[in-house]
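All remarks here apply to the structure that follows.
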Ligand code: TUI
């Protein structure tokens, strides 16, 4: 059973299952990351805009709970990005993923300390550029995902990036269960990253209203808000209606920023799921309950094995 769905990504990262937990700002803390890593996946702390000392505390929490590999997502728009990178290097974090920017300028420092670098990309051009810059793998994130989205869907993006680079590709966006895992592998990915499903993990620190909103969501309940090129996928609520009103008034960038400020924290920490930004992916409706991270991983692996058995029966005719 140990070697089922074992890919080269498992060897690269030293993990048992090819499953990463997205490093979501305000959500993916040390508790969540540690529980995913302890269960055989790769847990990832979301540094977001957190100050470096907070990131360091979360890293130390993971190290206390498990000796398994884990990661930190470095958010390149953070005012603390340089300090967060220093903390990651000092704490000898084994893996980093990056969001909303290009980690090229830190690549040499990461390599020197043996940190595996896995940027999130939403285009072929960026994947190729980052492979040349020394990335160990890339996460190809389709626009089904929650939060900031690119233009292409996972189905279209993953095989194009697989064809364009030689490093392992991890698929993200629109994946919730074993069917999605097998589909991603069929597209040539060597692993998957899930965000929304892990938001609903028991160990996820997000407010219970946030989890309940995802669990109650139906298939068409996510929308894209924000200016072209800066779209964010969230669950529909009062805030998204206000965003659409701004759009009708041809609002300026500054007005959007004003309305968007602090909204993820409002939903994730305060539990205001009407005026907060409830970032969640298109698979929200597939999530039916809160459950421990280890159960989520077990369900993904068992689901994938069942799908493979079904496919094998098809092949044999
Ligand atoms: O980053 C994401 N998704 C996000 S970030 C976010 S909001 C947030 N709020 C508060 C604190 C911190 C974060 C919600 N969702 N996805 C990863 C991703 N990054 N997808 C695409 C990119 C990306 C975008 C531009 C990567 C590189 C890039 O430009 C690089 C360049 O130099 O061309």
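The values are calculated or read from the model by the stated rules, or taken from the named source; none is laboratory data. This one's a predicted model, so the numbers in the text were calculated from it and none came from an experiment. All Cβ positions, glycine included, derive from the backbone under ideal geometry; neighbour counts span all protein chains shown.
Quickly run through the range 226-239 and pick out the residues that are crowded, with 19+ Cβ neighbours inside 10 Å, away from the ligand (no atom under 11 Å from the Cβ) and more than 19 Å from the chain's Cα centre (by Cα). Even if it seems obvious, please write down each step before you answer.
Of the range 226-239, the ones crowded, with 19+ Cβ neighbours inside 10 Å are 226, 232-235, 237, 239.
Narrowing the set further to residues that are away from the ligand (no atom under 11 Å from the Cβ) leaves 235, 237, 239.
Correct list: 237, 239.
For (1) under 17 Å from residue 170 (Cα atoms); (2) under 14 Å from the mean Cα position of the chain (by Cα); (3) surrounded by fewer than 23 Cβ atoms within 10 Å (Cβ to Cβ), each residue gets a yes or a no:
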position: 11; (1), (2), (3): yes, no, yes
position: 14; (1), (2), (3): yes, no, yes
position: 32; (1), (2), (3): no, yes, no
position: 51; (1), (2), (3): no, no, yes
position: 90; (1), (2), (3): no, no, yes
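Closer than 26 Å to residue 46 by Cα, within 22 Å of the chain's Cα centre (by Cα) and away from the ligand (no atom under 16 Å from the Cβ): is that true of residue 211 in this structure?
yes
Pairs needed: first member in the range 55-79, in the same structural domain as residue 33 (by TED's automatic domain parsing); second member anywhere, at pLDDT below 95 and in a strand (DSSP E or B); C-beta distance under 7 Å; at least 6 residues apart or different chains.
73/99; 75/99; 76/99
Among the residues of the range 101-111, are any touching a residue at least 40 places away in the same chain (Cβ under 8 Å), buried (at least 20 other Cβ atoms within 10 Å of the Cβ) and within 15 Å of the ligand (Cβ to nearest atom)? Write out each step before concluding.
Let us first name the residues in the range 101-111 that are touching a residue at least 40 places away in the same chain (Cβ under 8 Å), namely none.
No, the conditions are met nowhere in the range 101-111.
Name the residues in the range 52-80 that are within 14 Å of the ligand (Cβ to nearest atom) and either out of contact with any helix residue (DSSP H, G or I) (no Cβ under 9 Å at 6 or more places or on another chain) or assigned to a loop (DSSP other than H, G, I, E, B) (or both), would you?
54, 73, 76, 77, 78, 79, 80, listed by residue number.
Considering (1) within 14 Å of the ligand (Cβ to nearest atom); (2) closer than 24 Å to residue 274 by Cβ, say which one residue 205 fails and leave the rest.
Every listed condition holds for residue 205 apart from (1).
Enumerate the pairs (first residue in the range 18-47 and on the phi > 0 side of the Ramachandran plot; second residue anywhere and outside any loop (DSSP other than H, G, I, E, B) and more than 16 Å from the ligand (Cβ to nearest atom)) with beta-carbon separation below 8 Å, excluding pairs fewer than 6 apart on the same chain, so at least 6 apart or on different chains.
Correct list of pairs: 40/19; 40/297.
Please give the number of the condition residue 20 fails out of (1) in a loop (DSSP other than H, G, I, E, B); (2) under 23 Å from residue 307 (Cβ atoms); (3) assigned by TED's automatic domain parsing to the domain that holds residue 294.
Single failed check for residue 20: (1).
Being within 15 Å of the chain's Cα centre (by Cα) and part of a loop (DSSP other than H, G, I, E, B) narrows it down to one of 188, 174, so name that one.
Exactly one of 188, 174 is within 15 Å of the chain's Cα centre (by Cα) and part of a loop (DSSP other than H, G, I, E, B), namely 174.
Name every residue in the range 85-132 that is modelled with pLDDT under 95 and assigned to a strand (DSSP E or B), in order of residue number.
Within the range 85-132, just 99 meets the criteria.
Between 218, 190, 211, which is in contact (Cβ under 8 Å) with a residue 60 or more places away in the chain, out of contact with any helix residue (DSSP H, G or I) (no Cβ under 6 Å at 6 or more places or on another chain) and surrounded by fewer than 24 Cβ atoms within 10 Å (Cβ to Cβ)? Break it down stepwise before answering.
On the way: 218 fails: out of contact with any helix residue (DSSP H, G or I) (no Cβ under 6 Å at 6 or more places or on another chain); 190 fails: out of contact with any helix residue (DSSP H, G or I) (no Cβ under 6 Å at 6 or more places or on another chain).
On inspection, the qualifying residue turns out to be 211.
Against the conditions (1) surrounded by fewer than 20 Cβ atoms within 10 Å (Cβ to Cβ); (2) in contact with a strand residue (DSSP E or B) (Cβ under 9 Å, 6 or more places away or on another chain), where does residue 74 fall short? Just the number, please.
Of (1) surrounded by fewer than 20 Cβ atoms within 10 Å (Cβ to Cβ); (2) in contact with a strand residue (DSSP E or B) (Cβ under 9 Å, 6 or more places away or on another chain), only one is false for residue 74: (1).
Go through the range 25-51 and report how many residues are within 16 Å of the ligand (Cβ to nearest atom), within 22 Å of residue 280 (Cβ to Cβ) and in a loop (DSSP other than H, G, I, E, B).
Number satisfying all stated conditions: 9.
Kindly indicate which of 280, 294 is away from the ligand (no atom under 16 Å from the Cβ) and not assigned by TED's automatic domain parsing to the domain that holds residue 226. Even if it seems obvious, please write down each step before you answer.
Details: 280 fails: away from the ligand (no atom under 16 Å from the Cβ).
It is 294.
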